[in-house]
Amino acid sequence: NLIVADVDASLPFFTDVLELKKLYSDPDFAAFEGPQGWHLMLHADHTLDHSPSETARLSAPGKRGTGAEIRLMGFDPDAVEKRARALGFTVNVPAATYPHGWREVRLEDANGYMFAVGVATTTT
């Protein structure tokens, strides 16, 4: 579950860049299904208005999720990078193959959350 400033503005990253299946969305909440059947949810900031300490943390300066990187497997990193660039999303590290057997691209969603998505290139 990710807390986002605007659910509707967040949808294109998940539906058009990552091509997740949207199960449901409204201004408060969205749910998606990934390629291996896993689920990801978004909640709008205002859904935490009942908790002033959470609301204060969300309004602090800086990017969301600073220090965290969300890794998703099973995505063609080259195709994801191409779609992200076409839609104007920030690509932090272009698609590359690493010695540990993973090909990935690192990019940000509309809220500044960092995602590393890719595929295994070797099996052990």
Which condition from (1) surrounded by 15 or more Cβ atoms within 10 Å (Cβ to Cβ); (2) over 22 Å from L42 (Cα atoms); (3) touching a residue at least 12 places away in the same chain (Cβ under 8 Å) is the one that P94 breaks?
(1)
Give all pairs with beta carbons closer than 9 Å in which a residue from segment 109-121 that is touching a residue at least 40 places away in the same chain (Cβ under 8 Å) meets a residue that is of a type in the set (S, T, N, Q) and crowded, with 19+ Cβ neighbours inside 10 Å; count only pairs at least 6 apart in sequence or on separate chains.
D109/S10; A110/S10; N111/S10
Which of (1) over 10 Å from the mean Cα position of the chain (by Cα); (2) among the hydrophobic types (A, V, I, L, M, F, W, C); (3) surrounded by 15 or more Cβ atoms within 10 Å (Cβ to Cβ) is the odd one out, the single condition F14 does not satisfy?
(1)
Applying the selection to segment 22-53, what residues are touching a Gly at 6+ places or on another chain (Cβ under 8 Å), closer than 23 Å to L87 by Cβ and free of Cβ contacts under 8 Å to residues at least 40 places away in the same chain?
L40
Assuming L23 fulfils every condition listed in (1) touching a strand residue (DSSP E or B) at 6+ places or on another chain (Cβ under 7 Å); (2) surrounded by 14 or more Cβ atoms within 10 Å (Cβ to Cβ); (3) at pLDDT 95 or above apart from one, which condition is it?
(2)
Out of (1) modelled with pLDDT under 95; (2) touching a Lys or Arg at 6+ places or on another chain (Cβ under 7 Å); (3) surrounded by 14 or more Cβ atoms within 10 Å (Cβ to Cβ), what's the single condition that is false for T121?
(3)
Can you find even one residue in segment 71-90 that is modelled with pLDDT under 90 and of a type outside the set (S, T, N, Q)?
no
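The values are calculated or read from the model by the stated rules, or taken from the named source; none is laboratory data. What you see is a predicted model; the values in this text were computed from it and never measured. Backbone-built Cβ (ideal geometry, glycine too); neighbour counts: all protein chains shown.
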